[in-house]
Amino acid sequence: MNPHQLKLKDRADYLLQEWVNVNSHAENHAGVGRILAHVADEADALGMKSEWITHEKLGKEGSAALVINLPGTVPTEKTITFIARADTAFPEDSGFQLITWTTGRHRAIGPGVLDNKGGILVGLLALEKISKLKVRRYQVQMLVLPGESEEAPDGYKEFLRTAGEKSNLVIGLGPAQPDGSIFQYTPTTDPNAEQAAKIAQKLIELHEKKNVKVLSPNFVSYCDDLFRPEIVVFDGFGPVGTAPGTLQETVEMSSIFSRADIVYDLIQNLVS
């Protein structure tokens, strides 16, 4: 059977392999573009609208961004934003290029299985479940970005700033570093931070309920990218034995499914 004819969860391993086997290092604009196009196709298959933010608007040469939109079922301006990235840290001349599987197809090793193609998959799986809610009092959007915003042009920063200002909650789908952060963070007096902290506590409780280990307890930080407190849900690098100077990534498919369920449970409590 053609894998694309299967339900999203049933073809998740196929999609992860398809995406990981495309080199999308931050400087490989064509590869990043291919990943964004793949994700747009998946969103379309799920019945969701996608909007392309062109590189001309971002001011980032060769790089576009993708916004997947899931409207509320009632008129609303309340917005929950997922954020993920299509690029990886592994250049085209890296010795770490293709996905490999262990223990059947349950555990994946490859460039981007965590950072951040696994995170994109978590977002799509969660969006699919959220789309089936009969009542959604928030609109949900997923930003799939072409890369980091450090030293990004003004257009890129303005795009992120606007998205942050319109968001009631930002959920980061990237893997946390050992200190719990995935972006540059600064202290904040933003009143949304208190609400984010309460939601983060709920998130930790959901992890515990599903027996999913929380590797990084620091879930809430202020995100310079989106100018908004952000909650990290897909935490923890999984390095394995590597060539000198090369970090490899590994992830259990069960972890991807569990975290998608956790995101859904969190959002369900908020939006319905």
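So, G72, is that one small (G, A, S) and either more than 26 Å from A152 (Cβ to Cβ) or in contact with a Lys or Arg (Cβ under 6 Å, 6 or more places away or on another chain) (or both) or not?
Yes: the conditions hold for G72.
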| task | Select from the stretch 69-104 the residues that are closer than 21 Å to L266 by Cβ and among the hydroxyl-bearing types (S, T, Y) and write down the one among them that is nearest to the chain's Cα centre (by Cα). | result | T81
| note | Scanning the stretch 1-52 residue by residue, those part of a helix (DSSP H, G or I) and hydroxyl-bearing (S, T, Y) turn out to be Y14
| query | Do the conditions hold for K9, that is, is it surrounded by fewer than 18 Cβ atoms within 10 Å (Cβ to Cβ), in contact with a helix residue (DSSP H, G or I) (Cβ under 7 Å, 6 or more places away or on another chain) and over 22 Å from A260 (Cα atoms)? | reply | no
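Kindly evaluate K129 against the criterion of being out of contact with any helix residue (DSSP H, G or I) (no Cβ under 7 Å at 6 or more places or on another chain), in contact (Cβ under 8 Å) with a residue 60 or more places away in the chain and of a type in the set (K, R). Reasoning before the result, please.
Details: out of contact with any helix residue (DSSP H, G or I) (no Cβ under 7 Å at 6 or more places or on another chain): no; in contact (Cβ under 8 Å) with a residue 60 or more places away in the chain: yes; of a type in the set (K, R): yes.
Against the criterion (out of contact with any helix residue (DSSP H, G or I) (no Cβ under 7 Å at 6 or more places or on another chain), in contact (Cβ under 8 Å) with a residue 60 or more places away in the chain and of a type in the set (K, R)), K129 does not qualify.
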| query | Taking the stated definitions as given, is T73 polar (S, T, N, Q) and over 18 Å from I130 (Cα atoms)? | reply | no
| Residues that are small (G, A, S) and either part of a strand (DSSP E or B) or closer than 14 Å to L8 by Cα (or both), drawn from the stretch 108-156 | A108, G118, G123, A126, S131
| message | When the residues of the stretch 242-262 are narrowed to those that are of a type in the set (A, V, I, L, M, F, W, C) and modelled with pLDDT of 85 or more, which ends up farthest from Q141 (Cα to Cα)? | response | M253
| task | Look through the stretch 75-107, keep the residues that are on the phi < 0 side of the Ramachandran plot, β-branched (V, I, T) and not in a strand (DSSP E or B), and return whichever of them is surrounded by the fewest Cβ atoms within 10 Å (Cβ to Cβ). | result | T76
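The values are calculated or read from the model by the stated rules, or taken from the named source; none is laboratory data. These numbers come from a predicted model, not from an experiment. Glycine also receives a Cβ, built like all others from the backbone with ideal geometry; neighbour counts cover every protein chain displayed.
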